[in-house]
Structures are given as structure tokens and as C-alpha cells.
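Just so it is clear, none of the values below were taken in a lab; they were calculated from the coordinates. Computed from a prediction, not measured in an experiment: that's the story for all the values here. In this analysis, Cβ positions are derived from the backbone assuming ideal geometry, glycine residues included, and neighbour counts consider all displayed protein chains.
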């Protein structure tokens, strides 16, 4: 039952000055105010040890040089332009190189199908028995012993045959890769880019529902994330049926086991990788019966493989899908049985049903909120989340590529950082826009979104937040903190050596 | 001397719910939360009388239709695109027509040179004795009895002669108009658009420094604003010297008197126009001695024509100019003698000197802050402004055209409205982007930036805020409230009749 209580949010220290100030006092007051902003910001209360202080000095000198260059010479690296105009320059940044090597904790908002980039996916199309239904408008893939029986406006052909028959294999492969990426020169409409996004999603899905390919794909995903110093992943997955070459369809629970087994194998190869958990998803275009079935499946996973289960979520373009409120009876039934990690407010609109998903995500007790892009327009919800320590999962590059924001400096993450609002950084679908698993998002957030004054404490706190707000239980978290601590100390020592 | 006090900001009512809710309670809680958001938002506490309620119902029905159309069919009217792509469609909106007729109170952030559009400025080029220095790169204008002596890479020629000699007067005039507008199909870099902005500014300035033309220009400006139902204007002006046909230069105080006399004449013609006040400006590229001189001039105006004087400000692209902190000694000297209305935070950057102008604007006791675009990144400053009732002057279209924000739905005004932060709407330089004096900014703010639920109360509160936060003294404000009240009642009655 609803009870209304009065609470206090954002009751900040603030500095008032009397009417007459002399210059000396002015400068003192001004410095106090700047210091206060830093202390109240995310990471501002962390104490750095001597080695961390040394690295911080190095880091901030490098950051200062880079920001000043971007400020004075926006033609080289310009945050007001599309991510794709500066993406390939990021790897030249010295700050980026440090961030790349930095242990980043976990990535908590990742969709299973879009973890890897077009180059690797192209490699997978070299596997045997891959048929394609390929026209100007259609691009479907299916592994099969025999010619697939599904409808195709032309005829199903082995991709290898088409490739061999082409005059120019490089051009052929480049065209294939186009189906696996959202890369484009100019930012598009939100609806146009989502149309392309859905096409790319289905193209990739049609490639990786084949069991042996999915095993390679998933192992490689873990490896790329691990190499990017991501130590743990919460993966949103619809857990669709995998198939074998002879057409056998596996039960959906098979996919859960596959995730579990491959993660186990990966941890044997890389013992300091913490692991993964699954957030079971269903498309928000579904009807309530389909949602109920999905919730039942989630219940089953929780029952049978509890260590793999994080919770439940709905996915797909929010503005075009049904709002959470449409599924209330089903969601309220499940509320006490599992954790929710709802997408909410991934929209520019204010006061539409999509934006008000934020309200239902909070009222339904969502443990975190995915994107929450519209959140700053809802101070009452922010207050509730702040009080209940519900984190927002921010994916800056995703929001730029999917056309919510053009200039990343306008991203509401800046506000969350300034307020020390509970926030974790993730990357949503890094493969599909050719981003590094998490380092690009960290770099752009650190240099493009956060204050010029944000330093190593901000980066460390973001990594620590990803542990704190994860779906891990308290023992698992304790272990994660310990592993992180070792990795962090190594990183700090190593960077001081590399940068001296 | 600086004293630190603790204070409370944004201590909002918030709703917490117990763990178990049934559907009925859920819906009640949800509705309460939505209601709470509305009550806490700007205008949410205004009580409407019966007639206002009637108009509000009409308004909200029309708004609902329009927003649903924009939501479902973004190809017709798309806030994610440049203002210029939908500008000319605004006048077809039924909501706009109501807003156009609505008394809007005052426009408190207006630059004197850029109040009128290219069509009217073109008319002014038909005045006699107008010489031009006109090449592909240069476009200067000067009224003179004889050929101007200033440097020109070609020769000074009467514009009328060039026009008469052209094969196609329409094309010639269209080319002239190009020099008076920022109109363009695609949004540009902030630096590129500011370069064009400065060119347009100098072209227009060279046209209107001629005393008889300035008189016409200013009277026409008042008329256009008045016809847009703006009842009062605070004009930022550098108060440059006007000249006569024989080359005589007037003292700068002459311009103040000209403003005063023409406003007086205008009020004789339109007695319910409240008037104007001046905010004396100086370019932020100046050195501190020039700032001191400008402050002295401001002191002189305050002394000699106090009824015309509002305060002092610095102007020009913030990212390229000097920050306020560079002029501290001069500004602290003047602090007790006059009111400041500083521009601050008209930038995408966070933590750069330009962004930190916000800190100095607040510490220097600025009565309002111009733009304050970066303000949401500074919660401590927001708290101070909230407590001290310092309003932010928001110019949404300006920020879009001058490339701070692409999609107006991302404008921080949405946050200010949600928080009931002290805010006034203005239009900065409406002439130069061909906007109506204030109605376009109100329409876009109401339909594009504010919540779908924002209603007549939001509009009325924004108008009332423009009186409350003006530089008028308490008697003048009381009179303004009375005049506004009469105009508002007429407007409400009239709209009910028109829309029934």
C-alpha cells in the first residue's frame, strides 16, 4: 500500500557570501566552491594513496593537454559531431591508453547478440555450410546440411559459392560487413537508425543461432571484454533456441547452459575473470501472454540455474514499443519472485508513455534502470532512486549512435556525475558501432562528459560502482572487490612505470 | 567575507511504496506520483479560475493532437532536426496561434542589434544615401552625403546604383538578405556558426548606426515585439555612437536618449506597453581598462537616466572570450553600484573557464544569468540561485541555432521546468534567425521542451516570472502585474470565443 513520506534529496552544502567581498576573500570563496563541487561529485570522497596520487598527476596532465587541444582546435576531435567522426582517433589518445589498461569492474548493460564487431562476424561467415538469402533488401543467414526450406524471394545459396563467384572478394566482404554495423557518416533520425539497428540485429542473430558458431562467438566476446579489462558482465539475452546443422532445435534452457559452460571454460583459461549473469529479456512489442511466458521462463532459470540468473527486462525501441504499464498485472505477479532491471526513459520525449516507463520501473522496484536518459526531467524519481540506491546504467556512445543526443557533452551523465548519483557505465551494443567493449565509453565519459576536473577518483569510483550495483550476492561482491583491488594496484604501479 | 552555511535545496516530497502493492493501489500511487511531478513543476501551484480552466481544456486537447502527431510522424515536424527545418511550419499550429495571442509579459534577454529580421532590414537598404563596400568577402554599409573615406578593397558604391545595374533585382535583394540572416539547412559547428553570426552582426550594425535609420529600426522593433504580445523589454546594448549623413558622430549618451524618446513616443501610440530598460554591454574580448570605461559609462547612465538603467553585462562567444574572472578587480569595484546580468555557461564544456563563468556570475551577485546552459552540471550553483531567487534567462532557439543543442528536447530548460527553478524565457536575437519576437520560443518550449502534461499554468507562470525577475522596481512591477492581469483576462475570454 502506498504511503507518502517526506524526504530530503540533494540537500547540498552551499556557499553563501555576504554582500561585501574583497578580492582575496573572493578567491578563497571561489576556490572553496570549486572544491565543494569536486567533493560532491562522483568519486569526490575517495581517498587516493600515494601511488594513486602519482598516477593521478600523470593522468591529469595528459587530460589537460588533450582537453585544451579539443577546446582550441575542434576540427581535429569534435564532441559536437557524430561519434563515428572521432571514433578511430580515440586510440591515439594517451589518456585513452591508460583507461584501456585500467580494470573497469563489470559491464552491467550488454546485449548478447551485439557484443562483437563486423570484422569478427565476417570471419564467422567463412564457416562451412552457411547458406544465405541475399538480395538488395534481404540478408539472411542459415547454417544447414541441405538447402534451407524457409521462404526466400531468390534462392538460398551457399555464401562461399557467392563469394567465390564474385569478381572482387574484398568488395564482397565489405558489403557483408555493412550488414553487421551501424557505421555511417552523418547522424540520422532516431527512427531511421533504429530501423537499421533492427536489420543489423536480425542479420547477426541469423548468423549466431547456430550452436557451434554461437560457442565461438560467445567465447570470443568474453575474451574481447576481458582484454578490455572488463572483469564481469551482466548479459541481457532473449535466450532463443539454438540449432544444429541437421536442423535440430535445442530447448531454450540449452542456451543458459551454453553460457554457463563456456564461461566456466573461459575462467579456466583466465582465472581472474569473475563471470557473467543473465538478465532474461523479452521484446516490448509482445502481448501480455508472451510476457507471462517469458516471466515463467525466467522463473525456471532462477530455479534451475540460480547462480546464472540476475533478473528480467524488456527490450526494443522504447518509443515504438508498449510501455511497462501495459504489462502491469504480469509484472506485479512476478515482482516478489525476481529482480527487474528495466530499460526506462530511453527517449527524448517528456511526459509520453515511453518517458513514464521510468515511473513504472521505479514503482516496480527495478534494481537498476537501463539508460534512464530522460531521468533528469523527473527530480522526484531521481530522489527516490537516490534514496533507494537504484543505479542508472549509462551508455553514452549508444545514446549518441542511436540519436538521442548528438553532442556527448549534452549527455545527462554530466549531471549524474556532478550529483554523485548512483551510476554505472556500460556500452549496450559495442560491436555494432565498432567501439571497444568498455574503454571507448569510459574515455568519452571521462574526457567528453565529465568535468575537466574529474580525475582518477571518478574513474575508480565508476569501476567500484559497477561492483556495488551488480546482481552479485554479497560473497561474490566481496570476492570481486578483492580481485579488483589486486588488479587496480597492479594497474597503478604499471602505469607509473610506463608513464615515467 | 565568505561565510559557509548549510542549506537545503530540492528537498522534494517523494513517494515511497511498501514492498507489496496490489494493482489498484499501484495505480493510485502512480497517479499520485504523476500529480506530484506536476505540482512541483513550474506553474504547478497556480490556481486557474473557471474561464482559465475552460481555455486550458481547449489548449490541452490541441496540444495532445499535435504532440501525438509529432510523436508518430516525425517526418513532418521533428524536434531532433534543425530549427530551420520546422520553423516555417510553426505558424500552422493551433497551439501556436493561441500562444501568439497570449500576453507574454517581458522579454528580458534581447540584444539591440538583432531584434528584426532580414525582410525589414532589406527595406532599410532602400533608404537614400546608402553606400556599400561589397565583394565576395566583404559587405559593409554606410550612409553618407559623399563617398565614404574608410578602407574598402573595391570602391564604395551607392547600393541603389548596384541594385539598378543588376539584371535581376530579386536575386540581388536575396543576396543582400543573406547577409542579415543565419538561415541554413544543416546545423553547423559552434565555431563556424559564431563566425557567421559575427559577420551578420557587423553587417546589420553597419546599417543601423545611422541615426534616422536606427530610429525607424527601433520603433519597428518595439512594434513587432508589441504585436507579438511582449509588453516590456530589457535590451542589452553596447550603446555605440550613432552618426548623421554629414559624418557627425553623436555622443554615446545620445543613444540612451534615443531609446528613451522613441519608447516614449511608442507608449503614446500604444499606451499599454510597459517600456524598456537597458543592460549596458561590453564585448568579452576587451581588456580590463576597456571594461572599466564601460562600467564608468554604465555609472553615468545610472546617474543621469536612472529610469532607463537595468545593469551591466559582457557579450560575445563565451568559449572564445575572456572569462569574468579576468575582470574581477573592475567588477568587484562596481558590484555595489549597479546590478549585473551576466551571461554565463553558454557552452557545452564542463569545467572550462567559460563554464565557470557561472561561478563568478553567482559570486558577483548577478541578478539573473543569461543562458546558463551549463547550469545543470553545477548543482551547488543551482542551489545558490534557487535560494537567492536568481533566474536563468533561457533562449531555446538561440541555443539550437548557435549549436549548443541539436534536439530541443535535450535542452536543460526541461529540468528547470520540472524543478520549478527560477526561469524566464527570452529569444536573444530573434531577427537573425527569423523567429517571431517571443512566440516561437514559447511554442517550442511548451510543445518541444516541457512535459506533455505542462499546461496553461506553465505558460502563465512563465509570463509572470518575466515580471517578477525583471529589473523593474516594485511600483513598476505592481503596475505591470495590473496591466498584465487585464490583458490576460481579455486573452482568456477571447480565446474561449475563438475556439468554441
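For segment B:135-197 versus segment A:99-176, the inter-centroid distance based on Cα atoms is 56 Å. Helix A:456-468 and the long axis of chain A differ in direction by around 50°, with both axes built from C-alpha atoms. For a paramagnetic label modelled on residue B:202 (point 7 Å from Cα along Cα→Cβ), amide N atoms under 13 Å away belong, within segment B:144-172, to B:151-153.
For helix A:288-304, report the angle its Cα long axis makes with the longest principal axis of the Cα atoms of chain A; keep it between 0 and 90° and round to the nearest 10°. For A:288-304 against chain A, the angle is about 80 degrees.
Here segment A:261-310 and segment B:300-356 have alpha carbon centers that stand 57 Å from each other. With both residues required to sit in chain A, DSSP beta bridges show an antiparallel share near 25%.
In chain A, helices alone account for a calculated mean residue ellipticity at 222 nm of -14000 deg cm²/dmol, with every DSSP H run of four or more residues adding -39,500 (n - 2.57). Remark: mean inter-chain Cβ contacts per residue of A:72-83 equal 2, using a 10 Å Cβ-Cβ cutoff to other protein chain atoms. Nearest 10 degrees, 0 to 90: what angle lies between the long axis of helix A:23-40 and the longest principal axis of chain A (Cα atoms)? For A:23-40 against chain A, the angle is about 30 degrees.
Counting, for every residue in A:346-353, the Cβ atoms of other protein chains within 10 Å of its Cβ and taking the mean gives 6.
Using alpha carbon centroids, what distance separates segment A:433-500 and segment B:408-452, in Å? Their Cα centres are 38 Å away from one another.
Per residue of peptide A:327-340, the mean number of Cβ atoms on other chains within 10 Å of the residue Cβ is 1. Radius of gyration (Cα atoms) of the protein assembly as shown, expressed as a multiple of 2.2 N^0.38 Å: 1.01. For the peptides A:167-177, B:247-257, the ranking by mean Cβ contacts within 10 Å, running from highest to lowest, is B:247-257, A:167-177. With kT/(6 pi eta Rh) evaluated at 25 °C and eta = 0.890 mPa s, and Rh the Kirkwood radius from Cα pairs, segment B:121-180 diffuses with a coefficient of 208 µm²/s according to Stokes-Einstein.
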